[in-house]
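Q: My questions will all concern the structure given below.
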Amino acid sequence: MNEQHDAFEKQLKETFDESVDALDGATLSKLNRSRHQALAELQRPRRQWSRWMPATGAVAAILVAVVIVQSPSAINDVAGITTVTDMEILLGEDSIEMLEDLEFYSWIDAAEAEGDVG
Amino acid sequence: MEVNTAVFAVSCAGAPSTGARALQKDRQLNQFLAEIERRALRIAEIGVRDRDDALDLVQDAMIKLVRNYSDRAKEEWTPLFYRILQNGVRDWHRRQAVRNRVMVWFGRKPSEDDDYDVVASAPDPAGRAPDEELQNSEAMQSLEAAVRQLPARQREAFMLRTFEGLNVAGTAVAMGCSEGSVKTHYSRAVHALRERLEEHGP
């Protein structure tokens, strides 16, 4: 069985090899050119930045992690989430009075912006 | 003359100088690629059914091997080269599938397998008698047709093992799978080919 198996594969290999040997001159010439183009890569200096890419990526990841850990509120602001501190100010007793005089405080803000106050 | 120069450089320095090493590497790669390129082209051609596309894929594989793996041991080059080439063939099929979908979208007939003209892409006679050439060409056409009917992984395993002569370990590296998978794919491929080719006659 194995000998029969091997003989069959050998026959297929021979058929394939004959088709390889019969490649025409134009095709062989193209292969030759391709090979020389590939070998020219050896003369080309490697790009320096590609060597530093893994290290640069790691440093960038560390920096992003540090920023997130150091200032979580910044992330919350960006995401438009009201922080706990803001809620405490709004719900405090003093804030009820502020809400009653909201028009007055709006006027003060506008006046300060225009430089009329003070 | 170049050989003498290289030998002189090596013997003078005791250890090979940078220039001599580069020259030696260039020669080794040139020899390796020259030995492998024709079989690689035919394997790629069977995979994509187009000689020009196969030439492009072989050139890409050569460039990537030289650029990325020239520092590896010589023994590793063959499986690495075929791994690059097989990835190229798979990408080619993905691109073809996308292109065909786009062509269907625009109402154009996609390219079909039947459009491939086996006779037109058959090799030149290379000095053999016409009847012998015809016989070989017909045998190869039958073999190519049978190989193309195999599932992709079986086709890869068969071509790398039988046509390129890679061992099981090398084929596993080239295919990016385990040696056990290679054995399974290869065994099934040979079984299927035997049935098809013996049924229709080699």
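The values are calculated or read from the model by the stated rules, or taken from the named source; none is laboratory data. In this text the structure is predicted, and so the values were computed from the model without any measurement. Positions of Cβ are backbone-derived with ideal geometry, glycine not excepted, and every protein chain shown enters the neighbour counts.
Q: Out of the stretch B:27-50, which residues are within 22 Å of residue B:143 (Cα to Cα), more than 7 Å from chain A (Cβ to nearest Cβ) and part of a helix (DSSP H, G or I)?
A: Of everything in the stretch B:27-50, those that are within 22 Å of residue B:143 (Cα to Cα), more than 7 Å from chain A (Cβ to nearest Cβ) and part of a helix (DSSP H, G or I) turn out to be B:36, B:40, B:43, B:44, B:45, B:46, B:47, B:48.
Q: If you go through the stretch B:147-165 one residue at a time, do you hit one that is outside any helix (DSSP H, G or I), outside the structural domain of residue B:50 (by TED's automatic domain parsing) and among the hydroxyl-bearing types (Ser, Thr, Tyr)?
A: So far as the stretch B:147-165 goes, no, none of its residues is outside any helix (DSSP H, G or I), outside the structural domain of residue B:50 (by TED's automatic domain parsing) and among the hydroxyl-bearing types (Ser, Thr, Tyr).
Q: Output the residue which, of all residues in the stretch B:163-189 that are surrounded by fewer than 20 Cβ atoms within 10 Å (Cβ to Cβ) and within 12 Å of another protein chain (Cβ to nearest Cβ), is farthest from the chain's Cα centre (by Cα).
A: My answer is B:187.
Q: Can you tell me how many residues in the stretch A:15-38 are among the basic types (Lys, Arg) and closer than 19 Å to residue B:46 by Cα?
A: Adding up the residues that qualify gives 1.
Q: Among the residues of the stretch B:54-76, is any among the hydrophobic types (A, V, I, L, M, F, W, C), more than 9 Å from chain A (Cβ to nearest Cβ) and touching a residue at least 40 places away in the same chain (Cβ under 8 Å)?
A: No, the stretch B:54-76 contains no residue that is among the hydrophobic types (A, V, I, L, M, F, W, C), more than 9 Å from chain A (Cβ to nearest Cβ) and touching a residue at least 40 places away in the same chain (Cβ under 8 Å).
Yes/no matrix, rows are residues, columns are (1) under 25 Å from residue B:37 (Cα atoms); (2) at pLDDT below 60; (3) surrounded by 10 or more Cβ atoms within 10 Å (Cβ to Cβ):
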{"residue": "A:24", "(1), (2), (3)": "yes, no, yes"}
{"residue": "A:37", "(1), (2), (3)": "yes, no, yes"}
{"residue": "A:58", "(1), (2), (3)": "no, no, yes"}
{"residue": "A:65", "(1), (2), (3)": "no, no, yes"}
{"residue": "A:68", "(1), (2), (3)": "no, no, yes"}
{"residue": "A:96", "(1), (2), (3)": "no, yes, yes"}
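Q: Just to check your reading of the model, which residue among B:73, B:61, B:40, B:54 is assigned by TED's automatic domain parsing to the domain that holds residue B:23 and surrounded by fewer than 18 Cβ atoms within 10 Å (Cβ to Cβ)?
A: It is B:73.
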